[in-house]
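Encoded as structure tokens, the structure appears first; notes follow it.
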Amino acid sequence: MELTVGELASRAGVTVRTVRFYAGRGLLPPPRLRGRTGLYGADHLARLELVRELQSLGLTLAAIEKHLQKIPLDAPAEDLALQRALLSPWAPERPELLDRHELDRRAGRHLDDEVLKRLEALGVVEPVPDGPSATRVRVVSPALLGISAELAALPMPLDTVIASHEAVDRHTTALADELQRVFQDTVVRPYREGGRAPEERERLMEMAGKLKPLMIQSLVTSFQRAVDKAIRRSVPD
């Protein structure tokens, strides 16, 4: 693949100015020169696609630069595609801007101002700064809206609701970090050290797509068992 800077930008869905900006920040390796024309290949395209994937995860440019520093500039397109495959199944949902009617419909119940304040305290929704908060809200986590609305409507002190939410977030974040380290150390690193066989790369990409739902199901089941054990320990004989 030999692309001019304009062709590369078109294939990646960005502007030429963006390509040159990324190159200036060291996110892209230099082009191959033919006379005075710079030519870009599949590795440049794959790296641009990886940058866009990292942006979709909400990473800042500084964080993206730090991540890409771990990937050699001469990494082949296949390695960069594997990086995307390992990231894509874990990409978070995107925030949504909803009016109050659609918000109630998505939550499955009417959310009065008090419940909405509780959802804001939990970080599930945010007021829209450039519009009347009474008509529109920004839903940070659409997938959590329904269950969080049920939780916020319970007649519990707000401090209890927030403390519970923070405990879940703290421990699931630590668990996710540990599982990521285990996967990198026991799966990805042996693949790289073993010579990056094409059949192993295909196996890894297929595994990445199946891993997330299995891990979520395992986590939910394990947490249910842990809650049952905690309740039994707390009840006197």
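Using the reciprocal of the averaged 1/r over all distinct C-alpha pairs, how large is the Kirkwood radius of region 19-130 in Å? Display every interim value, and only then the final one.
Numbers: mean 1/r = 0.0579 Å⁻¹.
This gives a value of 17.3 Å.
Taking the structure as given and computing Kirkwood radius over Cα pairs in Å, which label from (i) 18.6; (ii) 17.9; (iii) 21.5 fits?
(iii)
Taking the Cα centre of region 1-45 as origin, work out the dipole magnitude from +1 charges on Lys and Arg Cβ and -1 charges on Asp and Glu Cβ, in debye rounded to 20. Present the calculation step by step, with values, prior to reporting the outcome.
Details: 7 positive and 3 negative charges, 38 e Å.
Charge dipole, region 1-45, about its Cα centre: 180 debye, nearest 20.
What is the distance in Å between the Cα centroid of region 138-173 and that of region 174-237?
Comparing the Cα centres of region 138-173 and region 174-237, I get a distance of 24 Å.
Positive end of the charge dipole of the chain (Lys, Arg +1 and Asp, Glu -1 on Cβ, about the Cα centre): tell me which of Ala85, Pro157, Pro127 has its Cα farthest that way.
The residue sitting farthest along the positive end of the dipole is Ala85.
Which of the peptides 143-156, 195-208 is most tightly packed, and how do the rest follow, judged by the mean count of other Cβ atoms within 10 Å per residue? If you can, show how the numbers build up before the last one.
On the way: 143-156: 15.7, 195-208: 13.2.
Put in order of decreasing packing, that is 143-156, 195-208.
If the elastic network links every pair of Cα atoms under 10 Å, which of Val115, Val168, Val125 fluctuates the most in the Gaussian network model of the chain?
Most flexible of the set in this elastic network: Val168.
Provide the per-residue ³J(HN,Hα) series for region 17-23, in order, calculated from phi with Karplus coefficients 6.51, -1.76, 1.60 and θ = phi - 60°, each as a whole number of Hz, with x at glycine and proline positions.
4, 5, 4, 5, 5, 4, 4
Taking the chain, how many lysine pairs are there with alpha carbons less than 28 Å apart, if each pair must be eight or more places apart or span two chains? Provide the component values of the computation, followed by the final result.
Details: Lys66/Lys210; Lys66/Lys212; Lys70/Lys210; Lys70/Lys212; Lys212/Lys229.
Value for the chain: 5.
Bear in mind that the values in this text are calculations on the coordinates, not laboratory data. As the structure is a computational prediction, the values presented were derived from the model and not from experiment. Glycine also receives a Cβ, built like all others from the backbone with ideal geometry; neighbour counts cover every protein chain displayed.
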